[in-house]
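Working notes, beginning with the structure itself.
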Protein chains: 2
Amino acid sequence: MSERLVVIGGDATGMSAASQARRHKSPEQLEIVAFERSHFTSYSACGIPYWVGGDVEDRDDLIARTPEEHRERAIDLRMRTEVTELDVAGSRVRTRDLESGAESWTGYDHLVIATGARPVRPPLPGIDAPGVHGVQTLDDGQALLDSLSALERTDGRRAVVVGAGYIGVEMAEALLHRGYEVTVLNRGEQPMATLDPDMGRLVHRAMDGMGITTVGSSTVTKILTGDDGRVRAVATDDAEYAADVVVLGMGVEPETRLAQAAGLPLGTYGGLLTDLAMRVRGHENIWAGGDCVEVLDLVSGRERHIALGTHANKHGQIIGANVGGGYATFPGVVGTAVSKVCDLEIARTGLREKDARDVGLRYVTATVESTSRAGYFPGAAPMTVKMIAERRTGRLLGVQIVGREGAAKRVDIAAVALTAGMTVEQMTALDLGYAPPFSPVWDPVLVAARKAVAAVRAAGV
Amino acid sequence: MSERLVVIGGDATGMSAASQARRHKSPEQLEIVAFERSHFTSYSACGIPYWVGGDVEDRDDLIARTPEEHRERAIDLRMRTEVTELDVAGSRVRTRDLESGAESWTGYDHLVIATGARPVRPPLPGIDAPGVHGVQTLDDGQALLDSLSALERTDGRRAVVVGAGYIGVEMAEALLHRGYEVTVLNRGEQPMATLDPDMGRLVHRAMDGMGITTVGSSTVTKILTGDDGRVRAVATDDAEYAADVVVLGMGVEPETRLAQAAGLPLGTYGGLLTDLAMRVRGHENIWAGGDCVEVLDLVSGRERHIALGTHANKHGQIIGANVGGGYATFPGVVGTAVSKVCDLEIARTGLREKDARDVGLRYVTATVESTSRAGYFPGAAPMTVKMIAERRTGRLLGVQIVGREGAAKRVDIAAVALTAGMTVEQMTALDLGYAPPFSPVWDPVLVAARKAVAAVRAAGV
């Protein structure tokens, strides 16, 4: 007899799960119904800043697979359909057609919750004024581009970005590319709170050098509007910043209101808690993945919320394999993230100093300056690598890198080393690729590891 | 009482060992005498192709530390002095001053053998003719540049490179940059014998596209000279290739004639055999490292000879620490190497198919085509990743990558995974850096790992 898989959310996790399950089971064995409330499926939200900035020309380039392509794979995809209630006891979901308003119930044998994350949007006065934009969805991106187009007919070229995390700094670059005078307002002292402040300072300085004004330790209190109702300025607790357009990049939180109402288990950050097979804890036939779940941080042993497309895709594959009768697990993350602002590359993996302290680890740090290529090779660019290692054991805890070309993906070396539980001493012997166009004879990561070894020794037992 | 350390060879290993030993011990505790037969110390031989090609302007840029700088660190460095005999029983070396011809004996308490490698140079007719050049030393590089300068006054612009390994392909690029019509003659079917032939074929095709003619399966039989005695052509078993200049890139072999004469233990490839502390086996006070030793391949469990500056530097550090009374070891290598020909990047680590067969391993392979960045991001370049995994266990055995920007250093992911003994299934869950300018949402290495997992499963037990 045929079973039914219901998927809530038509982006990376949901549609990867659906596709993968379909590979395992025929339409006769498994009916697959997926609900998506927006107009789009399977798109790269991470690409939105580059579309707004003009690096990517066409919105459709960001769409990995259209609704039609999914339907060709025998997935019954219902667009513009929101799931409004989850009845766990009855194994069914209530949906509403956002066009017609029609509601109905759909039963499931297996359920995948892939509801993603929603942007943090505090209820500040004026936050809904025309000219204030989020950049979470393709619709958000289009609205921002429309706003920028309208500004082209004026001489308004002042942009304020609220938040200096990944989205904030990427949007700063995008707006700079569009010819805007960009101010980034940041709650923390330094941009990129995912780095330690000493490394964030390097980002701050580099952004200064690009002509992006970054204001740290500033809390936005309201958005001021003009007589036409449009945004006019952003007010913080101690200043006002004139703005023709405002972009919000204040982070995201798991979209789990549906799951919460249904009594499913949520973690510290409001994300769904799953087992290693991505099954919602305590629920044999409910799965969840992507931006709406918390993941195990293999370094700290704690659950974290990390909204990142690469995890969402992995989760989808794993869920699909398991629903399809196969077997796959997601062991956890080490917290790797890379980004750029113009030609500045920023990378991190593992724990920051603060994270280490928070879980009771004692540590040493080592920071080195090196170059991306042999020092004598044209294009050799400076690179700062900070390494954090546990005291006594010397176990690698985290790495942060700020530099130019070749800086970001070097963090993968540390990501694999963290996964393997290596010590910094073991890392000094790593057989990394060396040739003058690609690395100094001692790769910057090796230089940092050597210094970290010395720091571990100096700290004693 | 003061002890004496004698170092044979003033390049990476020898002078790193000397400097590191000096950091541990004062001149009162340890006298350090180093003998170097050439005019130079501590230079980047790997940089020579880029100096010849014009990327690096000045020879001195390749010199990391001059004789004077070493002497300032209280190292008694004797340049142009060759060690002609090693008397192990008497703990002394005989040296000859290459300027004056004077000979003398110097006793040692500790000896470091860092004699490097010598280029393979078969006794072919004409191989010593003017216009035929090796590129092993700075003197070689200067002689080649002088030869090219002389040719600038003629219309001779045909270069033949013998050998298509790292040096061969890098010299092909260098000569192409200099405006030469370049032909590379290669004994194997495909260039880059450090890759499997299927990956070598990609390099071949790319070199064709750059206008470099690569002739495979050709054995050079003699160098033909003109009436002026200069090189005129290179003859193989079945053809003749006109040449105004010839560069030999036929590989290197350990320079261990001195050690051999002294009865020190050599391995299959003629390199010195050491223990993990880089001590010559069976000799408490003799150390060796760099291009004159064999190293343990952690994947195959066999000794290999790999001439590479990054290992030489590590060895020097380790020897210096141990001689200085500290403790350090070199666990071995996984065989990582990266190179480029113009904008083509080439990388490998671990075992080739042939290597796996040679040590009795059964394996599966997976080859994927992916891109360096998100497909929609400007500059996304194709990349081919081949992965080799052990049958049944799924243990990673090797990775080869051929692509453009971002291809070479991606191999470091696999280098660390090999060191950690990961399976390809473990690799599919690696938390690698993802952002559209740096990687597709599935990094090419992850895509290859997923395909390798499927291959392992399909191969069964």
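I'd like to check something: does region B:394-406 contain any residue that is part of a strand (DSSP E or B), at the interface with another protein chain (Cβ under 10 Å from one of its Cβ atoms) and among the aliphatic types (A, V, I, L, M)? The answer is yes; a qualifying residue exists. Is it the case that region B:408-426 has a residue that's more than 10 Å from every other protein chain (Cβ to nearest Cβ) and farther than 30 Å from B:Asp291 by Cα? Looking for residues that are more than 10 Å from every other protein chain (Cβ to nearest Cβ) and farther than 30 Å from B:Asp291 by Cα, one finds at least one in region B:408-426, hence yes. For region A:345-356, does any single residue satisfy the condition of being in contact (Cβ under 8 Å) with a residue 24 or more places away in the chain, surrounded by fewer than 24 Cβ atoms within 10 Å (Cβ to Cβ) and part of a strand (DSSP E or B)? Within region A:345-356, not a single residue is in contact (Cβ under 8 Å) with a residue 24 or more places away in the chain, surrounded by fewer than 24 Cβ atoms within 10 Å (Cβ to Cβ) and part of a strand (DSSP E or B). Of note, B:Ala288 does not satisfy the criterion of being over 19 Å from the mean Cα position of the chain (by Cα), small (Gly, Ala, Ser) and more than 10 Å from every other protein chain (Cβ to nearest Cβ).
In region B:134-162, the residues that are within 20 Å of B:Ser44 (Cβ to Cβ) reach residues that are assigned to a strand (DSSP E or B) and hydroxyl-bearing (Ser, Thr, Tyr) with C-beta atoms within less than 7 angstrom, at least six apart or across chains, in these pairs: B:Leu138/B:Tyr43.
Quick check on this structure: which one of B:Arg153, B:Arg157, B:Arg187 is surrounded by fewer than 19 Cβ atoms within 10 Å (Cβ to Cβ) and in contact with a Phe, Trp or Tyr (Cβ under 8 Å, 6 or more places away or on another chain)? Among B:Arg153, B:Arg157, B:Arg187, only B:Arg157 is surrounded by fewer than 19 Cβ atoms within 10 Å (Cβ to Cβ) and in contact with a Phe, Trp or Tyr (Cβ under 8 Å, 6 or more places away or on another chain). If you check A:Thr393, A:Thr423, A:Thr419 for being farther than 25 Å from A:Pro197 by Cβ, within 23 Å of the chain's Cα centre (by Cα) and not charged (D, E, K, R), only one passes: A:Thr419.
Residues that are of a type in the set (D, E, K, R) and within 26 Å of A:Ala45 (Cα to Cα) within region B:405-450 comprise B:Glu405, B:Arg410, B:Asp431, B:Asp443, B:Arg450, listed in sequence order. Which residue pairs have Cβ atoms under 6 Å apart, sit 6 or more places apart or on different chains, and have a first residue in region A:1-13 that is under 9 Å from A:Glu31 (Cβ atoms) and a second that is in a helix (DSSP H, G or I)? So the pair list comes out as A:Leu5/A:Ala21; A:Leu5/A:Val323. Note on region B:277-301: residues that are in a loop (DSSP other than H, G, I, E, B), among the hydrophobic types (A, V, I, L, M, F, W, C) and free of Cβ contacts under 8 Å to residues at least 60 places away in the same chain total 2.
The residues in region A:67-84 that are surrounded by fewer than 23 Cβ atoms within 10 Å (Cβ to Cβ) and either within 14 Å of chain B (Cβ to nearest Cβ) or aliphatic (A, V, I, L, M) (or both) can be counted, and the count is 3. Here A:Val88 passes the criteria (1) buried (at least 20 other Cβ atoms within 10 Å of the Cβ); (2) β-branched (Val, Ile, Thr); (3) farther than 19 Å from A:Gln142 by Cα; (4) in contact (Cβ under 8 Å) with a residue 60 or more places away in the chain except the one numbered (1).
Is there a residue being in the same structural domain as B:Leu351 (by TED's automatic domain parsing), closer than 22 Å to A:Ala337 by Cβ and either in contact (Cβ under 8 Å) with a residue 12 or more places away in the chain or not β-branched (Val, Ile, Thr) (or both) anywhere in region B:384-404? There is no residue in region B:384-404 that is in the same structural domain as B:Leu351 (by TED's automatic domain parsing), closer than 22 Å to A:Ala337 by Cβ and either in contact (Cβ under 8 Å) with a residue 12 or more places away in the chain or not β-branched (Val, Ile, Thr) (or both).
What number of residues in region A:318-342 are within 20 Å of A:His24 (Cβ to Cβ), surrounded by fewer than 24 Cβ atoms within 10 Å (Cβ to Cβ) and more than 7 Å from chain B (Cβ to nearest Cβ)? Matching residues across region A:318-342 total 8.
Mind listing just one residue for me: the one in region B:380-393 that is more than 24 Å from B:His204 (Cα to Cα) and in contact with a strand residue (DSSP E or B) (Cβ under 7 Å, 6 or more places away or on another chain) and, of those, farthest from the other protein chains (Cβ to nearest Cβ)? Across region B:380-393, the extreme among qualifying residues is B:Arg391. When each of B:Ala414, B:Ala407 is tested for being touching a residue at least 60 places away in the same chain (Cβ under 8 Å), more than 26 Å from A:Pro331 (Cβ to Cβ) and in contact with a helix residue (DSSP H, G or I) (Cβ under 9 Å, 6 or more places away or on another chain), the lone residue that passes is B:Ala407.
Of all residues in region A:141-165, those satisfying the criterion of being part of a helix (DSSP H, G or I) and either more than 22 Å from the chain's Cα centre (by Cα) or at pLDDT below 95 (or both) are A:Asp146, A:Ser147, A:Leu148, A:Ser149, A:Ala150, A:Leu151, A:Glu152.
For region A:31-56, the candidate set comprises residues that are free of Cβ contacts under 8 Å to residues at least 60 places away in the same chain and facing chain B (nearest Cβ under 9 Å); within that set, the residue that is farthest from the chain's Cα centre (by Cα) is A:Val56.
Taken together, the residues in region B:300-310 that are within 10 Å of chain A (Cβ to nearest Cβ) and touching a helix residue (DSSP H, G or I) at 6+ places or on another chain (Cβ under 7 Å) amount to 1. Residue count for region B:359-377 under the criterion of being polar (S, T, N, Q), buried (at least 19 other Cβ atoms within 10 Å of the Cβ) and more than 14 Å from chain A (Cβ to nearest Cβ): the result is 1.
Number of residues in region A:172-198 that are farther than 21 Å from A:Gly131 by Cβ and part of a loop (DSSP other than H, G, I, E, B): the value is 10. With respect to the conditions (1) in a helix (DSSP H, G or I); (2) under 25 Å from the mean Cα position of the chain (by Cα), B:Gln136 lacks only one, and its number is (1). Looking only at residues of region B:4-59 that are charged (D, E, K, R) and within 19 Å of B:Ile318 (Cβ to Cβ), we find that the one that is surrounded by the most Cβ atoms within 10 Å (Cβ to Cβ) is B:Asp11. Just one of (1) of a type in the set (Gly, Ala, Ser); (2) surrounded by fewer than 16 Cβ atoms within 10 Å (Cβ to Cβ); (3) in a loop (DSSP other than H, G, I, E, B) fails for B:Ser104. It is (3). When each of A:Thr194, A:Thr137, A:Thr106 is tested for being of a type in the set (Val, Ile, Thr), more than 18 Å from A:Gly216 (Cβ to Cβ), out of contact with any Leu (no Cβ under 8 Å at 6 or more places or on another chain) and not assigned by TED's automatic domain parsing to the domain that holds A:Gly271, the lone residue that passes is A:Thr137.
Restricting attention to region B:369-388, the residues that are under 25 Å from A:Tyr434 (Cβ atoms), under 28 Å from the mean Cα position of the chain (by Cα) and not hydroxyl-bearing (Ser, Thr, Tyr) add up to 7. When you look at A:Gly433, is it more than 21 Å from the chain's Cα centre (by Cα), surrounded by fewer than 24 Cβ atoms within 10 Å (Cβ to Cβ) and not in a helix (DSSP H, G or I), yes or no? Taking the combined requirement at face value, the residue does not satisfy it.
State yes or no: is A:Pro440 assigned to a loop (DSSP other than H, G, I, E, B), within 12 Å of chain B (Cβ to nearest Cβ) and closer than 19 Å to A:Glu345 by Cβ? Yes.
The values are calculated or read from the model by the stated rules, or taken from the named source; none is laboratory data. None of these values were measured; they are calculated from a predicted model. Don't worry about glycine lacking a Cβ; one is built from the backbone with ideal geometry, like all the others, and counts go over all protein chains shown.
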